[in-house]
1. Within segment 105-116, how many residues turn out to be in contact with a Gly (Cβ under 8 Å, 6 or more places away or on another chain), closer than 13 Å to A47 by Cα and assigned to a helix (DSSP H, G or I)?
2. Among the residues of segment 170-223, count how many are among the aliphatic types (A, V, I, L, M), in a loop (DSSP other than H, G, I, E, B) and buried (at least 22 other Cβ atoms within 10 Å of the Cβ).
3. So A346 clears everything in (1) assigned to a helix (DSSP H, G or I); (2) loosely packed, with under 15 Cβ neighbours inside 10 Å except one condition, right? Which one?
4. Among (1) in contact with a Lys or Arg (Cβ under 8 Å, 6 or more places away or on another chain); (2) over 30 Å from G366 (Cβ atoms); (3) at pLDDT 95 or above, there is one condition G281 misses while meeting the rest; what is its number?
5. Out of A27, A47, A36, report the one residue that is farther than 22 Å from A202 by Cα, within 36 Å of the chain's Cα centre (by Cα) and open to solvent by less than 30 Å² (accessible area, probe 1.4 Å).
6. Can you tell me which residues in segment 349-395 are in a helix (DSSP H, G or I), among the hydroxyl-bearing types (S, T, Y) and in contact (Cβ under 8 Å) with a residue 24 or more places away in the chain?
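The values are calculated or read from the model by the stated rules, or taken from the named source; none is laboratory data. For clarity, every value in this text was computed on a predicted model and none was experimentally measured. Cβ placement follows ideal geometry from the backbone for every residue including glycine, while neighbour counts extend to all protein chains displayed. The protein model used for the area step is the full one, side chains on, heavy atoms only, and it has no ligands, DNA or RNA in it. Shrake-Rupley method; radii C 1.70, N 1.55, O 1.52, S 1.80 Å.
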Amino acid sequence: MTDTSSNQMWGGRFAAGPDAIMEAINASIGFDQRMAAQDIAGSRAHAAMLAATGIVSDSDAAAMREGLLTVLSEIEGGTFAFSSALEDIHMNVEARLKEIIGEPAGRLHTGRSRNDQVATDFKLWVRDQIDAAISGIEALIAALLDQAEAGAEWVMPGFTHLQTAQPVTWGHHMMAYVEMLGRDRSRFVDARARMNECPLGAAALAGTSFPIDREMTAQALGFDRPAANSLDAVSDRDFALDFLSAASICAMHLSRFAEELVIWSSAQFRFVTLSDRFSTGSSIMPQKKNPDAAELIRAKIGRIFGANVALMTVMKGLPLAYSKDMQEDKEQVFDAADNLMLALAAMEGMVKDMSANVANLEAAAGAGFSTATDLADWLVRALNMPFRDAHHVTGSLVALAESKGCDLPDLSLSEMQSVHGAITDEVFGVLGVHNSVASRVSYGGTAPEQVRTQIARWREVMS
């Protein structure tokens with residue numbers, strides 16, 4: 001027999017019935033209280049504009065602006081009582097303002113709507129996160145530049161398909177990530193410039209009949225200009241998607257580096273030693289030192305990329321202008337921002353603390369016939385051999401060395417001449433790994449002088 005005395009579908013949390021369910025699904029104060037500082041900044045700018053345009057009195061505006069500072073101090077001090085019945089940060093702040101200053105608080109919402117208010121708050125919050133992300137990226141770049149400078153001449157294997165390809169320098173490898181992060185930085189800078197238009201004053205969707213000054217509020221809040229279309233201003237979340245897109249690509253780069261650190265710190269590679277501050281032990285295997293921080297950074301891309309897909313999905317079918325669906329825009333962005341900043345900080349810490357095992361790097365750099373391309377290039381230069389022929393001769397020499405269980409520099413001249421009689425002992429000058437990297441002097445190459453050139457360029461960019 002069905003129990004009709006309570007709504008069993010919803011369980012104990014919603015035992016109070018539909019009213020409790022509606023309050024729970026409708027309220028956003030549980031997460032949008034993070035925008036309190038931005039909400040109050042927007043309201044204070046709006047109040048000042050209302051007075052400047054004669055829409056409210058100077059005394060009412062002054063009371064609102066001072067009262068809002070009191071509300072902010074309560075929130076920052078942890079004494080503010082948030083109410084889910086008041087739905088969101090905007091209504092919570094306005095209700096408390098009324099308790100503090102009385103009737104003038106009711107004039108604060110003149111000439112605006114919660115639609116343009118939330119768009120403004122969210123833009124301000126995302127803009128702050130973009131600034132934080134840029135700072136985090138710059139700190140990581142600085143750490144990588146220090147590593148690159150220290151190891152501009154250290155040799156290590158360069159890989160393709162995770163197979164030994166050609167020797168490179170440690171500094172060159174570090175600088176590859178500097179280039180990636182430089183692009184990440186530029187994406188955040190571009191996103192910031194593109195989103196820096198102020199929605200405040202767009203009101204619900206059509207603008208307002210009050211003689212507001214949108215240029216004034218835009219300037220007060222650090223925007224370049226007011227948003228030019230009121231419908232778009234309240235329904236736009238491209239700025240959040242731009243942030244999530246840039247965060248996703250940045251997190252992908254961090255994940256790639258994290259993967260390399262996991263490999264490099266393994267007992268099989270021993271290219272780097274990670275600091276104890278960013279590693280953990282095993283509960284049962286005392287010999288283990290696990291690169292947990294790198295592994296967790298590697299996992300962050302899932303959360304951040306997921307946030308990007310989630311918000312794209314929320315927005316994809318919405319008609320203009322505002323729909324309540326858009327309340328689901330913030331939690332994903334908040335989570336992505338938190339995890340990006342944590343990943344950047346952890347990676348910066350690891351890069352600062354990690355130690356390269358230079359001897360192991362050099363030994364690995366010379367293994368796997370890594371200077372075969374240098375041999376082929378020498379055949380082209382010294383013997384005027386077509387590269388395809390040089391490639392074939394080099395392959396035969398690699399096969400010979402492999403059959404003898406040695407590397408290319410260990411073959412004797414007579415053994416090399418058995419493959420091609422015109423080879424001279426000058427060939428041994430190009431076969432060492434240090435000779436190999438020193439020869440790669442093309443712009444952007446791995447030669448130490450090129451690495452130092454790029455380090456200097458980036459230090460200038462970052463100054």
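1. Residues that pass the stated criteria total 1.
2. Just the residues of segment 170-223 that are among the aliphatic types (A, V, I, L, M), to begin with: 174-176, 178, 180-181, 189, 191, 193, 195, 200, 202-206, 212, 216, 218, 220-221.
Right, trim to in a loop (DSSP other than H, G, I, E, B) and you get 200, 202-206, 212, 221.
Add one more test, that the residue is buried (at least 22 other Cβ atoms within 10 Å of the Cβ), and what stays is 200, 202-203, 212.
Residues meeting the conditions: 4.
3. (2) is the only condition that A346 fails.
4. All conditions are met except number (3).
5. A27
6. Hit for segment 349-395 is T373, nothing else.
Here's the yes/no breakdown for (1) acidic (D, E); (2) under 30 Å from N435 (Cα atoms); (3) open to solvent by 20 Å² or more (accessible area, probe 1.4 Å):
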| position | (1), (2), (3) |
| --- | --- |
| S84 | no, no, yes |
| E99 | yes, no, yes |
| L124 | no, no, no |
| A132 | no, no, yes |
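Okay, residues lined up against (1) within 13 Å of the chain's Cα centre (by Cα); (2) open to solvent by 40 Å² or more (accessible area, probe 1.4 Å); (3) polar (S, T, N, Q); (4) closer than 30 Å to I29 by Cβ:
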| residue | (1), (2), (3), (4) |
| --- | --- |
| N290 | no, no, yes, no |
| A294 | no, no, no, no |
| G306 | no, no, no, yes |
| M312 | no, yes, no, yes |
| Y322 | no, yes, no, yes |
| K330 | no, no, no, yes |
| D335 | yes, yes, no, yes |
| N339 | yes, no, yes, yes |
